[in-house]
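Asker: Okay, handing you the structure first.
The values are calculated or read from the model by the stated rules, or taken from the named source; none is laboratory data. Since we're looking at a predicted model, the values are computed, not measured. Heads up, the Cβs are rebuilt from the backbone with ideal geometry, glycines too, and the neighbour counts pull from every protein chain shown. Surface accessibility is based on the protein's heavy atoms, side chains included, excluding ligands, DNA and RNA. Shrake-Rupley method; radii C 1.70, N 1.55, O 1.52, S 1.80 Å.
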Amino acid sequence: MGWEHSLITHEDGIDRCGWSGTAPDYVTYHDEEWGVPEYDSRALFEKLLLDGFQAGLSWIAILRKRDNFRAAFDDFNPVVMARYDEAKRADLMQDAGIVRNRLKIESSVTNAQAYLEIEAAQGFDTYLWDFMDGKPLVNRFTRLEDVPAATPLAEKISKDLKKRGFRFVGPTIVYAFMQAVGMVNDHLVQCHRHEPCKKLAR
């Protein structure tokens, strides 16, 4: 996540996780999205793919290109993406508004195909949340050093996703995804979002 400080007290007097920095768009993402339990299959699919595109880059770089990604990838409609042909993939490689990495672009197509199989069988949301027994894991970290980069559960999910055809879903990517979509609540306990996110679980 690019943590620099465990906690930051902002000018508005609110304590936030240190990785949110002071950039307005990053603070908004921290306050409104990160750690909020997500139960929509398509939204989960989009976030997992974006985390895959983040590999080797910073999340804020991807966040600032998110609207470009949505436009380029047909709003992450997996039905459309699963049918991308060579011409479409070539067009994506020429799109300066996204991350032009051939392997990541190719994987987005096969990931869409893998997603559709899971969605048809049981629902992608159900598939993911079943790993959590339907409930977010609420951690109570007070220092950034205590927040893991990956966990045995992330490794388990990563392995299963790969078995089903997903790529760019290593344990570190999967754990970052789990944090972002609220499968785990890794807001520091002093952060103003820790308790609200905990209450948003179904």
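Asker: Would you confirm, using the coordinates I've provided, whether residue 92 is touching a helix residue (DSSP H, G or I) at 6+ places or on another chain (Cβ under 6 Å), part of a helix (DSSP H, G or I) and within 27 Å of residue 149 (Cβ to Cβ)?
Answerer: It is false that residue 92 is touching a helix residue (DSSP H, G or I) at 6+ places or on another chain (Cβ under 6 Å), part of a helix (DSSP H, G or I) and within 27 Å of residue 149 (Cβ to Cβ).
Asker: Is there any pair with a first residue in the range 71-95 that is closer than 17 Å to residue 124 by Cβ and a second that is surrounded by 13 or more Cβ atoms within 10 Å (Cβ to Cβ) and among the acidic types (Asp, Glu) whose Cβ atoms are under 9 Å apart and which are 6 or more apart or on different chains, and what are they?
Answerer: Listed pairs, sorted by first residue: 73/46; 75/46; 76/46; 78/119; 80/74; 81/74.
Asker: Here are 33, 46, 119, 38: which of them is surrounded by 14 or more Cβ atoms within 10 Å (Cβ to Cβ), under 23 Å from residue 153 (Cα atoms), touching a Gly at 6+ places or on another chain (Cβ under 7 Å) and charged (D, E, K, R)?
Answerer: Only one candidate qualifies: 38.
A quick yes/no check of all residues on (1) among the charged types (D, E, K, R); (2) more than 16 Å from residue 177 (Cβ to Cβ); (3) touching a helix residue (DSSP H, G or I) at 6+ places or on another chain (Cβ under 8 Å):
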| residue | (1), (2), (3) |
| --- | --- |
| 24 | no, yes, no |
| 35 | no, no, yes |
| 41 | no, no, yes |
| 59 | no, no, yes |
| 86 | yes, yes, no |
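Asker: Now a separate question. Taking the options 124, 131, name whichever one is open to solvent by 20 Å² or more (accessible area, probe 1.4 Å), farther than 23 Å from residue 30 by Cβ and of a type in the set (Phe, Trp, Tyr). Reasoning before the result, please.
Answerer: Working: 124 fails: open to solvent by 20 Å² or more (accessible area, probe 1.4 Å).
Exactly one of 124, 131 is open to solvent by 20 Å² or more (accessible area, probe 1.4 Å), farther than 23 Å from residue 30 by Cβ and of a type in the set (Phe, Trp, Tyr), namely 131.
Asker: Picking from 164, 102, 140, which residue would you name as being surrounded by fewer than 17 Cβ atoms within 10 Å (Cβ to Cβ), within 21 Å of residue 187 (Cα to Cα) and of a type outside the set (S, T, N, Q)?
Answerer: When all the criteria are applied, what remains is 140.
Asker: Now for a different question. Of the residues 26, 39, which is under 30 Å from residue 135 (Cβ atoms) and assigned to a helix (DSSP H, G or I)?
Answerer: After ruling out the rest, the residue left standing is 26.
Asker: Across the range 59-89, what is the total count of residues that are outside any loop (DSSP other than H, G, I, E, B), among the aromatic types (Phe, Trp, Tyr) and under 16 Å from residue 100 (Cα atoms)?
Answerer: Number of matching residues: 2.
Asker: Go through the range 2-33 residue by residue and tally those that are farther than 19 Å from residue 145 by Cβ and among the hydrophobic types (A, V, I, L, M, F, W, C).
Answerer: Total satisfying the criteria: 3.
Asker: Of all residues in the range 116-159, which are acidic (Asp, Glu) and more than 17 Å from the chain's Cα centre (by Cα)? Give the derivation first.
Answerer: Within the range 116-159, the first condition is being acidic (Asp, Glu), and the residues that meet it are 117, 119, 125, 130, 133, 145-146, 155.
Across the range 116-159, the qualifying residues are 117, 119, 130, 133, 145, 146.
Asker: So in the range 135-184, with the set limited to residues that are outside any loop (DSSP other than H, G, I, E, B) and charged (D, E, K, R), which one is modelled with the lowest pLDDT?
Answerer: 145
Asker: Do you know which residues across the range 35-67 are polar (S, T, N, Q) and modelled with pLDDT of 95 or more? So that I can check it myself, show each step before the final result.
Answerer: Residues of the range 35-67 polar (S, T, N, Q): 41, 54, 58.
Within the range 35-67, 41, 54 qualify.
Asker: Please state which one of 35, 52 is on the phi > 0 side of the Ramachandran plot and among the small types (Gly, Ala, Ser).
Answerer: On the way: 52 fails: on the phi > 0 side of the Ramachandran plot.
Answer to the selection: 35.
Asker: So which residues in the range 10-38 are of a type outside the set (A, V, I, L, M, F, W, C) and in contact (Cβ under 8 Å) with a residue 60 or more places away in the chain, if there are any at all?
Answerer: 15, 16, 18, 30, 31, 33, 35, 37, 38
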